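The values are calculated or read from the model by the stated rules, or taken from the named source; none is laboratory data. The structure displayed is predicted, hence computed values, not measured ones. Positions of Cβ are generated from backbone atoms using ideal geometry, with glycine treated the same way; all protein chains shown enter the neighbour counts. Please note that ligands, DNA and RNA were not included when accessible areas were found on the heavy atoms of the full protein model with its side chains. Shrake-Rupley method; radii C 1.70, N 1.55, O 1.52, S 1.80 Å.
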Amino acid sequence: MASAEPPFEVWAVDQSNTNGLTYGGTLYIYNGPTLTGAHGVNQVAAEVIDIGGETAALCLAQTGANPVRPHMLFFNAAHTHAVLSFVASGHVVIFDAATRAPVACLRTSPGADGAQQAHAAVPAPDDSYILVANQNGKLLERITTDYAAGTFAWDHAATLNLATCIAPSGDPCQFPHIRSDNAPICPIIDASGAHGFITLRGGGLFVVDPAATPIQIVGEYDEATVHGNGCGGVEAQGSMFIDSGGGTAANLDQFDVYRFPLDGYAPTNPANTPPPQVVFADASPDRDAHGTLLTKHARTLWVLDRIQGVAEVFDVQTNAHLSTVDLKGPYSSDPAPDLMAMSPSGNRIFVTFRGPTPLSGDPHASVGSTPGVGVIHVTQAGKSGKLKAITPITNKDGAGVERADPHAIQVRRL
């Protein structure tokens with residue numbers, strides 16, 4: 001008889017403003033089994049936290065500004081704390097996961113043209129720091145963390161300015177036809193903590209030593225080798241799988257998956273070394289790779305397409321394309337799936353579905369008709385699946401316009 005699934009929670013974030021305010025947002029925390037057993041389009045009970053309340057008050061007190069547009073969420077290695085980044089205002093908030101209380105609020109530095117954004121803030125595998133992608137500021141920043149002591153502080157000496165730095169090859173970090181737009185999108189740190197893979201809005205990629213002071217570039221890739229807008233990466237079988245997608249005016253349509261090695265990086269290497277494998281590439285109209293997920297036992301890789309409303313599934317061992325899981329159907333004609341998280345047992349994938357008035361991503365990529373959390377039943381040992389349920393998330397303004405725009409989602413082990 002199979003053992004019971006370990007207890008868990010699903011945390012999902014609606015990045016639309018708290019109703020009546022120009023900041024805030026909403027955090028939904030679901031008891032995992034209630035989502036696992038959901039069927040059809042039905043509301044599932046959740047603990048609902050208004051980010052425009054206690055969290056905003058803390059940010060205003062500690063940074064002098066309110067937090068706007070909560071975008072990406074990660075748990076530290078011990079799952080004792082959650083790290084939430086705000087893409088419009090540049091805030092990073094650390095929560096005590098058990099009490100739900102915000103315990104620290106920090107704001108990124110002004111970067112290019114004075115911009116302050118925190119597109120993603122990713123905890124280190126050893127819980128010693130958080131790596132922050134200051135998107136339009138074009139800075140890679142680092143927060144020193146001690147979760148047990150409750151101390152969190154910017155390590156300004158670590159900052160890497162991606163707009164003005166010089167790459168190890170001697171080329172400018174940002175330069176037309178090499179790396180045209182170095183807005184960092186998603187920092188992805190390998191399990192050892194040795195390397196951070198930094199995707200860039202305009203294409204190209206940097207591999208960095210994220211613990212060095214300052215953060216050091218140890219691998220550089222140009223935009224012809226790695227396309228832009230990557231926001232998904234998972235480690236498996238001694239490799240890091242990275243996607244690139246559409247969703248910006250300069251790169252509307254793209255669906256790529258790359259496979260990078262986990263070693264062989266050095267500042268003395270030529271550019272584009274070691275070369276990544278191209279697992280999949282499709283630049284046809286209306287394609288947009290986004291969230292990635294590794295299924296149980298690292299057998300298969302799922303990559304979402306927000307425009308097509310599908311997940312493409314790949315064999316981790318061979319790179320073969322195994323299937324296309326269509327999430328459109330009786331529950332949603334336009335789900336616009338964004339990010340994913342998996343239940344501990346591996347038999348369910350939870351995915352955020354975007355709303356009709358998205359706040360991030362080019363509208364042609366991000367517009368959805370059913371904002372909420374989708375529940376996918378995983379089949380064939382991760383090779384396929386079927387959308388089983390949607391629990392709606394709603395945030396209508398005074399005029400009755402649906403503003404809900406779910407984005408971040410993670411599973412917390414209890």
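Please go through segment 241-271 and pick out each residue that is open to solvent by 40 Å² or more (accessible area, probe 1.4 Å) and at positive phi.
Gly264
So, in segment 207-236, exactly how many residues are assigned to a strand (DSSP E or B), under 19 Å from Thr292 (Cβ atoms) and in contact (Cβ under 8 Å) with a residue 60 or more places away in the chain?
2
For segment 174-193, give me the residue count where each residue is more than 13 Å from the chain's Cα centre (by Cα) and either crowded, with 24+ Cβ neighbours inside 10 Å or free of Cβ contacts under 8 Å to residues at least 60 places away in the same chain (or both).
Number satisfying all stated conditions: 8.
Condition test on Gly355, is it open to solvent by less than 10 Å² (accessible area, probe 1.4 Å) and free of Cβ contacts under 8 Å to residues at least 60 places away in the same chain?
no
Here are some residues: Ser89, Ser128, Ser109, Ser85. Which one is among the hydroxyl-bearing types (Ser, Thr, Tyr) and touching a Pro at 6+ places or on another chain (Cβ under 7 Å)?
Ser89
Could you list, in sequence order, the residues of segment 360-379 that are of a type in the set (S, T, N, Q) and open to solvent by 40 Å² or more (accessible area, probe 1.4 Å)?
Ser369, Thr379 - these are the residues of segment 360-379 that are of a type in the set (S, T, N, Q) and open to solvent by 40 Å² or more (accessible area, probe 1.4 Å).
Could you list, in sequence order, all residues of segment 252-273 that are among the aromatic types (Phe, Trp, Tyr) and in a loop (DSSP other than H, G, I, E, B)?
Scanning segment 252-273 gives a single hit, Tyr265.
Can you name every one of the strands (runs of 3 or more DSSP E) wholly within segment 19-102 that holds 1 or more residues which are hydrophobic (A, V, I, L, M, F, W, C) and open to solvent by less than 20 Å² (accessible area, probe 1.4 Å)?
Correct list: 26-31, 70-75, 81-86, 91-96.
Is it the case, given these coordinates, that Phe74 is of a type in the set (Phe, Trp, Tyr) and under 20 Å from Gly52 (Cα atoms)?
yes
Going through segment 314-333 one residue at a time, which ones are open to solvent by less than 50 Å² (accessible area, probe 1.4 Å) and not in a strand (DSSP E or B)?
Correct list: Val316, Asn319, Ala320, Leu327.
Among the residues of segment 113-161, which ones are assigned to a strand (DSSP E or B) and either small (Gly, Ala, Ser) or farther than 14 Å from Ile215 by Cβ (or both)?
The answer is Ala120, Ala121, Pro123, Ala133, Thr145, Asp146, Thr151, Phe152, Ala153.
Only one of Gly382, Gly400 is farther than 12 Å from Pro337 by Cβ and open to solvent by less than 20 Å² (accessible area, probe 1.4 Å); which?
Gly382
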